[in-house]
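Have a look at the structure below, then the notes.
Rule-based calculations on the coordinates, nothing more; no lab input. This structure is a prediction, so every number in the text was calculated from the model and none was measured. When we count neighbours, we look across all protein chains shown, and the Cβ atoms used for this are built from the backbone with ideal geometry, even at glycine.
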Amino acid sequence: MAIKPIRNEHDYEQTLARIGQLADIKLTQEQQDELDVLIVLAQSWDSQQSRQPVDDPIAAIEACMARQGLSNQDLVPYIGHSGRVSEILNYKRSLTLAMIRKL
């Protein structure tokens, strides 16, 4: 029983494949324990990766930036100069339809 953390999509797919293998056989106690742990790991990964709808578009942009490791400067091509990006992210200016389409 070699259980390891799920760190990426490939690990997740391997975990699901192993769960599928274990689901198709009569299990020993050790295999049942492995299956239980793998299910918990897969559920945890899945819940962390699920994207919950966000009512606040600025919060959604900031969450996306955090996931992708982006800075405010990375938004300049979509929103405009760095001052405008700052105004948007600090709720001092609203997003325009053109900005939303570019994002």
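Computed 3J(HN,Hα) for region 88-103, one whole-Hz value per residue from the Karplus formula 6.51 cos²θ - 1.76 cosθ + 1.60 where θ = phi - 60°, is 5, 5, 9, 6, 9, 9, 8, 5, 9, 4, 5, 5, 4, 5, 5, 5, glycine and proline marked x. The chymotrypsin sites (Phe, Trp or Tyr not before Pro) of region 29-98 meeting both criteria, a DSSP state outside H, G, I, E and B (loop) and at most 15 other C-beta atoms within 10 angstrom of the site's C-beta, are 91. Remark: region 68-78, residue by residue, has Karplus-estimated 3J(HN,Hα) of 9, x, 8, 10, 4, 4, 5, 8, 3, x, 9 Hz, where x stands for each Gly or Pro and the curve is 6.51 cos²θ - 1.76 cosθ + 1.60 at θ = phi - 60°. Computed extension gain for residue 23 through residue 55, at 0.36 nm per residue and net of the alpha carbon distance, reaches 7.6 nm.
The long axis of helix 29-49 is offset from the longest Cα principal axis of the chain by roughly 10 degrees. Using a Förster radius of 30 Å, what is the FRET efficiency between residue 103 and residue 48 based on their Cβ-Cβ separation? Nearest 0.05, please. The value I calculate is 0.80.
Are there trypsin sites (Lys or Arg not before Pro) in region 1-91 that DSSP puts in a loop and that have at most 14 other Cβ atoms within 10 Å, and which ones?
Counting only loop positions with at most 14 other Cβ atoms within 10 Å, the trypsin sites (Lys or Arg not before Pro) in region 1-91 are 7, 26, 51.
Summing charges over all other residues whose Cβ lies under 15 Å from the Cβ of residue 79, with Lys and Arg as +1 and Asp and Glu as -1, gives +2.
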